[in-house]
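The values are calculated or read from the model by the stated rules, or taken from the named source; none is laboratory data. In this text, all values refer to a predicted model and were calculated from it rather than measured experimentally. Backbone-built Cβ (ideal geometry, glycine too); neighbour counts: all protein chains shown.
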């Protein structure tokens, strides 16, 4: 999977410039996190990856093809988008019908739909809820219903917009399992998140957005070691990372175990 942006700008009808000359390449299946304060341009950016939004200028290329060449419906077969609010996505009278709807629209066979249904329902934890109305689900279950509906369509890339909002520990663990299993199946997961612990636990590559620009695009360890740059973007490292930095540890750590190890190493020097 390859998503490439070349000097891409987006200006809202109000005249506000949301994205300012973005050059970005996302290639392969390694999960990617996009972070930054509200209004930094994160959601506007990813909505260009399947044509929900079209650039004001510059290019968006999906596997080498210009996004302008196909409709959003056509691109949705390649890049699936999971909305932050599941109520913006769910509209049918049962979880089963939500899972069936997208695949039917793209011509997937009934046999393949049934086969995928079993796997997806188990993956998102809704095997026993297939005949329940989505609006009778808990907020967490609704989120996983919307995730499952997109996975059902079998796109090569999936965009998760704030998937951890409202999730408990079990929900975050299920999200981790979903991301890992999708990677194992050759799918690219791109995730917008304000949960820095979730980010460092699940993503090696982190893109930091700031005022419509890419401020940083590096390995997670490198991103969270740049304290002053992160302050500029109003992003705070995970708590254990902040403690380590305050204690003067020279390495960026994301776990208690790593903190203890680096602390002992420095003390021995």
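The combined condition, being modelled with pLDDT under 95 and closer than 21 Å to residue 89 by Cα, is not fulfilled by residue 234.
Looking only at segment 95-116, decide whether some residue is touching a residue at least 24 places away in the same chain (Cβ under 8 Å), surrounded by 18 or more Cβ atoms within 10 Å (Cβ to Cβ) and either closer than 28 Å to residue 39 by Cα or touching a strand residue (DSSP E or B) at 6+ places or on another chain (Cβ under 9 Å) (or both). Yes, there is a match, as at least one residue in segment 95-116 is touching a residue at least 24 places away in the same chain (Cβ under 8 Å), surrounded by 18 or more Cβ atoms within 10 Å (Cβ to Cβ) and either closer than 28 Å to residue 39 by Cα or touching a strand residue (DSSP E or B) at 6+ places or on another chain (Cβ under 9 Å) (or both). All conditions in (1) assigned by TED's automatic domain parsing to the domain that holds residue 158; (2) in contact with a helix residue (DSSP H, G or I) (Cβ under 9 Å, 6 or more places away or on another chain) hold for residue 249, with the sole exception of (1). Which of the residues that make up segment 45-61 are touching a strand residue (DSSP E or B) at 6+ places or on another chain (Cβ under 6 Å) and either surrounded by fewer than 19 Cβ atoms within 10 Å (Cβ to Cβ) or under 11 Å from residue 3 (Cα atoms) (or both)? Of everything in segment 45-61, those that are touching a strand residue (DSSP E or B) at 6+ places or on another chain (Cβ under 6 Å) and either surrounded by fewer than 19 Cβ atoms within 10 Å (Cβ to Cβ) or under 11 Å from residue 3 (Cα atoms) (or both) turn out to be 46, 48, 49, 50, 56, 57, 58, 59, 60, 61. Among the conditions (1) loosely packed, with under 13 Cβ neighbours inside 10 Å; (2) free of Cβ contacts under 8 Å to residues at least 24 places away in the same chain, residue 127 misses just one, which is (1).
Okay, residues lined up against (1) buried (at least 18 other Cβ atoms within 10 Å of the Cβ); (2) in the same structural domain as residue 44 (by TED's automatic domain parsing); (3) closer than 22 Å to residue 37 by Cβ:
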site	(1), (2), (3)
199	yes, yes, yes
204	no, yes, no
218	no, yes, yes
221	no, yes, yes
229	no, yes, yes
245	no, no, yes
255	no, no, no
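From the list 178, 147, the lone residue that is touching a strand residue (DSSP E or B) at 6+ places or on another chain (Cβ under 6 Å) and surrounded by 20 or more Cβ atoms within 10 Å (Cβ to Cβ) is 147.
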